[in-house]
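Nothing in this text is a laboratory measurement; each read-out follows from the coordinates by a stated rule. Remember, it's a predicted structure, so these values are computed and weren't measured experimentally.
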Amino acid sequence: MPHIKGDEFWIELYQIHPHIKTIVLTGQANNEAIEQMQKYANISAYIRKPWQIENLIQTIEQVLSVIPET
């Protein structure tokens, strides 16, 4: 992404759309960036590259099955 790091993008997205579920698929994010996204962007899950399609499908199913608290 030009002009912005991935973790910064997710944090900005969360500020605009705090109720969406997000899955980060990353090959570059370090542990600090992941922690920042978990803390400030409330990411639902993350998967590091290389990834397998089965893992992606399972993660999507898990994220979509979580019922938010009201």
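A few points about this structure:
- Taking 14 Å as the straight-line reach from the Cα of K39, the aspartates and glutamates in range (excluding those fewer than 8 positions away in the same chain) are D7, E8, E12.
- Reachable aspartates and glutamates from K21, criterion Cα separation under 13 angstrom, eight or more residues apart if same chain: E61
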